[in-house]
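Below is one structure; the comments refer to it alone.
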Amino acid sequence: SFTEPATIAIAAAASDADGSVSRVDFYADGNPIGTDNTSPYGVTWNNPAAGPHVLTAVATDNQDASTTSAPVHVTVEVGGGTPVTISFQNGVNGYKGMEDTQIRSNSPNSNYGAATTLDADGSPDTSILMKWNLASIPSGAVVTAASITVRVSNRSSQSYEFYALKRSWVEGQATWNQAASGANWQLAGANGSNDREATALASVTWNATGFQTVTLTAAGLAKVQSWIDQPASNHGLI
């Protein structure tokens, strides 16, 4: 990981058992960034753009045969300034990009997209779906912390876990049986391996009412980062 403005030294070890190495070409995201004809082979990559990059090296021998290295992944973080906190709440600063609903096992074909209070429970099984449009976060931004604040109206001594959803759903259509009209969950309740991920991104116990904040784990931060880097992968949480 590097912080812009970055100067990245890239080196490659190359040899040829039946001849000699003529040159090593270096690439970032498939684009050439330099060539070295003598050992030790290396180039300096100056001022790469913020965001994730994939580096490779291609060694060519004196008979024009070539081999490409395994990819190396690097990230260039936005430099300078102080961290910026952005909040996403419908109706605040014109934001309209939050969607939520609940799905209930005892009412498997009902949709609760218009409900103003949502339940999570284990008997009967009830889950909450949540999703935020993060388009206002600039490409290349690096997530250093993420949390969710809710207003608890009915406390519980039980623990509740948050998981990333792996498929799209529609707020006004999702039910226990379906992610959207005509599109069933792999397993009812979004319980299939194609419906949700297996790693919990947070685990909380809400034993007090009022506003409560859930801080996402490192896995949660990585998931939010992936939503910013690849917006199409953002299907929210359950």
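Mind listing just one residue for me: the one in segment 56-71 that is among the aliphatic types (A, V, I, L, M) and either surrounded by fewer than 18 Cβ atoms within 10 Å (Cβ to Cβ) or at pLDDT below 95 (or both) and, of those, farthest from SER226 (Cα to Cα)? Out of the qualifying residues, it is ALA65.
What's the total number of residues in segment 100-117 that are in contact with a Phe, Trp or Tyr (Cβ under 8 Å, 6 or more places away or on another chain), within 23 Å of THR149 (Cα to Cα) and not aliphatic (A, V, I, L, M)? The number of residues fulfilling the criteria is 3.
The set of residues in segment 188-206 that are touching a Leu at 6+ places or on another chain (Cβ under 9 Å) and either among the β-branched types (Val, Ile, Thr) or open to solvent by 20 Å² or more (accessible area, probe 1.4 Å) (or both) comprises SER193, ASN194, ARG196, GLU197.
Of the strands (runs of 3 or more DSSP E) lying entirely inside segment 1-118, those containing at least 2 residues that are more than 30 Å from LEU165 (Cα to Cα) and in contact with a strand residue (DSSP E or B) (Cβ under 9 Å, 6 or more places away or on another chain) are 7-12, 21-28, 31-36, 41-46, 51-61, 66-68.
Selection over segment 110-137 of residues that are without any contact (Cβ under 8 Å) to a residue 40 or more places away in the chain and not aromatic (Phe, Trp, Tyr) gives a count of 10.
Of all the criteria given as (1) among the β-branched types (Val, Ile, Thr); (2) assigned to a strand (DSSP E or B); (3) open to solvent by less than 40 Å² (accessible area, probe 1.4 Å), the one not satisfied by ILE137 is (2). Suppose the filter is open to solvent by less than 60 Å² (accessible area, probe 1.4 Å) and over 15 Å from PRO71 (Cα atoms); does VAL43 pass it? Yes; evaluated as a whole, the condition is true for this residue.
Which condition does THR126 not pass, out of (1) β-branched (Val, Ile, Thr); (2) farther than 19 Å from GLY220 by Cβ; (3) open to solvent by 50 Å² or more (accessible area, probe 1.4 Å), if it passes all the others? Here THR126 meets the rest and fails (3). Give the residue, chosen from THR217, THR213, THR209, that is of a type in the set (Ser, Thr, Tyr), closer than 29 Å to ILE137 by Cα and open to solvent by 70 Å² or more (accessible area, probe 1.4 Å). Criteria check complete, one pass: THR213.
Contact map, segment 191-220: residues that are under 24 Å from THR85 (Cα atoms) paired with residues that are part of a loop (DSSP other than H, G, I, E, B) and of a type in the set (Ser, Thr, Tyr), Cβ distance under 8 Å, separation 6+ or inter-chain. Pairs shown: ALA200/TYR163; ALA200/THR217; LEU201/TYR163; LEU201/THR217; ALA202/THR217; ALA219/THR199.
The values are calculated or read from the model by the stated rules, or taken from the named source; none is laboratory data. Just so we're clear, the structure is a prediction, and the values are computed from it rather than from any experiment. Don't worry about glycine lacking a Cβ; one is built from the backbone with ideal geometry, like all the others, and counts go over all protein chains shown. When the accessible area is computed, the model is the full protein with side chains, heavy atoms only, and any ligands, DNA or RNA have been set aside. Shrake-Rupley method; radii C 1.70, N 1.55, O 1.52, S 1.80 Å.
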